[in-house]
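Q: Supplied in structure tokens, the structure appears directly below.
The values are calculated or read from the model by the stated rules, or taken from the named source; none is laboratory data. The shown structure was predicted, so the numbers you read here are calculated from the model rather than taken from an experiment. Cβ sites come from the backbone with ideal geometry, for glycine too, and all protein chains shown count toward neighbours.
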Amino acid sequence: MEAYKRWVRRNRDYVRQLSSLASGMTWLLPERFAASEIGPEAVSSILGMVTTVNEHIIETTPTSVHTSSAETSFLPLSLCLTLLRDLETLIEVVAEQLYGEDKKWNLIALTEAAKVCVRLAAFRTTGYKMLLQGGETENLEHSDDLSPQGNMGHLRKPIQNQGLGVNHPQGLNSWNLEGRAMSALSSFGQNARMVSEPTWLHRVQQQQAILEPPAKIIRTPSLSTFLSEKGIRGGLFVTGETMFVLRPLIYVLLVRKYGTQSWFPWFISLAVDLIGNSMLSATTMSQDSRKDQHFQFSRSEKDELKRRKLLWVLYLMRDPFFSKYTRRRLESTQKTVEPVPIVGFFAEKLIELLIGAQTRYTYMSGS
């Protein structure tokens, strides 16, 4: 495995180009949307998983030979979510072949439930930060309210004696007799230590400090601590993010009960999306509370909110809206551009792909 990691990292550009080419070629496989779709979909899923693992290997490349031990030995939650996304279409196809159109929603519901559990765990372990790309991308940016100096910046700040240019420990008055005595005693202790310790020991300590930087202790706040610090807007944020995580599972359970041609799952899913997004947007509104004024989104989190709004376009591709409105519009467009030699050919293939992809929940789920 280590040899494969080294090969991928040395040939990262070639690996990415090959993965992109192979992913595009899967759309040209015969009978992709036919009854015997398991074979082509299995090839697509395997290629997707291989691409995901390769990207993870490339992104976790050590910056130097001394940081190789810092690689995580466990499977990151973001990688688990990406692998689930690569597998879910194959699971849907196999479930439909084995159990039929109606009972396939049982396995789809189990898949969505697994994704909900992993996403909630990721939401908890990141300290209740927004899930980027549904949790597939780690949210490493700090929000705008964090201090760049951190909580430990005041512990070792010396007080400079103006005029003399001498630093003294904090809390001591340099013009006081006791302060001068303590300063002299501290300097004597430092000089004595430098004399007593051999030179080679200093070199070893310096090299060890360079090769093994101190590990940062990241404490994940509990939910009660997060809510007490962020106030009402923190509660709105947690509720909105939880609704975003639960929305696909709610939709699948309702479709499993009422069917794909019922408007009830469609409207409930849209309502959950709208309400959750409204709660997230409300967290950035100005309020009088001093605590709430420090709740701001980073740039990547603002981009994530825009991405989620763009996903609402998929409601046009979900039944019953698609079968009643969108499909008719696509077919009329195809008939309009069909006489045009080149445009008509590509429009026909594009509409065929859209209609075929719409039959798969996982392609239009937006989860």
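Q: Tally the residues that are at pLDDT below 75, surrounded by 14 or more Cβ atoms within 10 Å (Cβ to Cβ) and touching an Asp or Glu at 6+ places or on another chain (Cβ under 8 Å), restricting the search to region 21-56.
A: Number satisfying all stated conditions: 2.
One line per residue, one yes/no per condition, for (1) among the β-branched types (Val, Ile, Thr); (2) without any contact (Cβ under 8 Å) to a residue 40 or more places away in the chain; (3) in a helix (DSSP H, G or I):
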| site | (1), (2), (3) |
| --- | --- |
| Leu75 | no, yes, no |
| Glu96 | no, yes, yes |
| Gly100 | no, yes, yes |
| Lys103 | no, yes, yes |
| Leu107 | no, yes, yes |
| Arg124 | no, no, yes |
| Tyr128 | no, no, no |
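Q: May I pose another question? Can you tell me how many residues within region 313-327 are loosely packed, with under 12 Cβ neighbours inside 10 Å and closer than 13 Å to Leu354 by Cβ?
A: Within region 313-327, the first condition is being loosely packed, with under 12 Cβ neighbours inside 10 Å, and the residues that meet it are 313, 324-325.
Imposing the further condition that a residue be closer than 13 Å to Leu354 by Cβ reduces the set to 313.
The qualifying residues number 1.
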